[in-house]
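Below is one structure; the comments refer to it alone.
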Amino acid sequence: MIIDYRHEPREGEEKRVTWRDMIGNASVKRNLLQLFLWPAKYPAEFTGLLAPQEGLLPFGPPRNGKTMAAKAVASKCKATFFNVDAASFGSKWFGDSEKMVKALFEVARERAPSIIFMDEVDGIMPASGADLGFGSQALNRIKAELLVQLDGLPTTADRVQVIGATNRPWDIDVALLNRLPIRTYVPLPDQEGRAALFRKLLGTNTRGHTLTDDDFDHVAIKTEGYSYRDLTKLCREAAYVSVREALMTDDVDECLEDESEAVMALRSRRSLQVNKVLTAAQKIKPTTHPQLIARLEDWKNEYAEQT
Ligand SMILES: Nc1ncnc2c1ncn2[C@@H]1O[C@H](COP(=O)(O)OP(=O)(O)O)[C@@H](O)[C@H]1O
Ligand SMILES: [Mg+2]
């Protein structure tokens, strides 16, 4: 069961996500298996030294699968899954935020096994200075309550586990960071990951594609620095080129008629070719700043597990 406390789902977030949709990201998948999926499925195996562990913090560049990974857990795992972000504790429950935090953990304990997923956790518990629009006193009370609740989590078989995701781990309050000790980096896709995503997405094109293995290698090499989301946009763009071409006719009004020439042309369009992908790559550029990657890698070297 999934209980969504968030104010509003984010743009571009697909509703249902499964493991099959997720390319690459081996280290985060391994952590999710050993910390969440296996313990939920084989509880008898995960006792004693293997008893449930403390919180997991996937961190990495934006639009690159952290939320997706958590959602895949939600869809696969038998646990009750609570989805919260900064807005959950903000305007909706204004004035009662710390009670809201307490209630969240109470329900989670009642419904255990539970997973509380705190998306963009740097916003829920910023290190300092951030203004969520409900005053620093209120924010401090929320922080304090969250820490109390996290410390009180049961570690027995009927448990509540926590996942926090962030693009900016250095902005998380240090006390909260200590409660999320298993920090796993979710990097941009490597060449192999990019090729795999291209194969998967172009494979869903209605008219198919004509890319060879060499073409896939080529487009993967050309898209270094792209996030999974950037690549997804790029593939959509490539597929849309022929729709746009069809609409470039002089008589756009004619296109509004169902059997116009342009519509016929669109219906009989050819499968997607590599040049369309390369043209799309001219238009859709990577959105992750290299400086952000450098900063994340530094943080990883200092604070995260090394994989
Ligand atoms: N590993 C992946 N495999 C396939 N698509 C992905 C992957 N990671 C991200 N995406 C695509 O990028 C979008 C944004 O990912 P999301 O999980 O929201 O990023 P964030 O890391 O910011 O939480 C997803 O909705 C999905 O379309
Ligand atoms: Mg996210």
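The values are calculated or read from the model by the stated rules, or taken from the named source; none is laboratory data. Source: prediction; values computed, not measured. Note that we place each Cβ from the backbone using ideal geometry, even for glycine, and neighbour counts take in every protein chain shown. Heavy atoms of the whole protein, side chains included, go into the accessibility calculation; ligands, DNA and RNA do not. Shrake-Rupley method; radii C 1.70, N 1.55, O 1.52, S 1.80 Å.
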Worksheet item: What fraction of the DSSP beta bridges in the chain is antiparallel, stated in percent and rounded to the nearest 5?
Response: 5 percent
Worksheet item: Given the pairs LYS66/LYS222; LYS71/LYS143; LYS102/LYS233, which span a C-alpha to C-alpha distance of over 29 angstrom in this model?
Response: LYS102/LYS233
Worksheet item: By the gyration tensor of its Cα atoms, with a ≥ b ≥ c the square roots of the eigenvalues, what is the shape of segment 147-215: rounded for a/c under 1.5, prolate for a/b over b/c, or oblate?
Response: prolate
Discussion item. Explain nothing, just compute: Karplus ³J(HN,Hα) = 6.51 cos²θ - 1.76 cosθ + 1.60, θ = phi - 60°, for every residue of segment 50-63 in order, whole Hz, x for Gly and Pro.
Written reply: 8, 4, x, 9, 6, x, 10, 10, x, 9, x, x, x, 6
Worksheet item: At a 1.4 Å probe, what is the % contribution of carbon and sulfur to the accessible area of the chain?
Response: 51 percent
Worksheet item: If the cut-off is a Cα-Cα distance under 18 Å, which aspartates and glutamates reach LYS285, setting aside same-chain residues fewer than 8 apart in sequence?
Response: ASP190, GLU224, ASP230, GLU237
Worksheet entry | Using alpha-carbon coordinates, inclination of helix 97-110 to the longest axis of the chain, degrees | 90 degrees
Worksheet entry | Rough spin-label spacing in nm, given labels placed 7 Å along Cα→Cβ, for TYR42 and GLN291 | 4.7 nm
Worksheet entry | For the chain, diffusion coefficient by Stokes-Einstein and Kirkwood Rh (Cα), 37 °C, 0.692 mPa s, µm²/s | 153 µm²/s
Item to complete: Mind running the shape call on segment 228-270? Use the C-alpha gyration tensor, a ≥ b ≥ c as the square roots of the eigenvalues: rounded below 1.5 for a/c, prolate if a/b tops b/c, oblate otherwise.
Response: prolate
Worksheet entry | segment 166-235 and segment 250-282: distance between their alpha carbon centers, rounded to Å | 28 Å
Discussion item. Please compute the length gained on full extension between SER271 and TYR240, using 0.36 nm multiplied by the number of residues separating them and subtracting their Cα-Cα distance.
Written reply: 10.0 nm
Practice prompt. Per residue of segment 192-199, in order, report the coupling 6.51 cos²θ - 1.76 cosθ + 1.60 (Karplus, θ = phi - 60°) as ³J(HN,Hα) in whole Hz, putting x for Gly and Pro.
Written response: 5, x, 5, 4, 5, 5, 4, 4
Response to the item:
Placing +1 on each Lys and Arg Cβ and -1 on each Asp and Glu Cβ in the chain, then taking the dipole about the Cα centre, the residue among THR287, PHE198, ILE116 whose Cα reaches farthest towards the positive end is ILE116
Practice prompt. With +1 on each Lys and Arg Cβ and -1 on each Asp and Glu Cβ, and nothing else charged, work out how big the dipole of the chain is about its Cα centre, in Debye to the nearest 20.
Written response: 860 debye
Worksheet item: Given the Cα-Cα distance of LEU278 and ALA103 and 0.36 nm per residue of separation, how much length would full extension add, in nm?
Response: 57.9 nm
Worksheet entry | For ALA127, residues with placed amide H under 5 Å, excluding near neighbours | ILE172, ASP173
Item to complete: Return one whole number: the accessible area per residue of the chain in Å², for a 1.4 Å probe.
Response: 53 Å²
Discussion item. Sort 56-67, 140-151 by the packing proxy (mean of other Cβ within 10 Å over each peptide's residues), most packed first.
Written reply: 56-67, 140-151
Practice prompt. Take the alpha carbon atoms of segment 26-88, find their radius of gyration, then divide it by 2.2 N^0.38 Å using N residues; give the quotient.
Written response: 1.20
Worksheet entry | Tail fraction, Cα-Cα pairs, segment 183-269, threshold 17 Å, whole percent | 56 percent
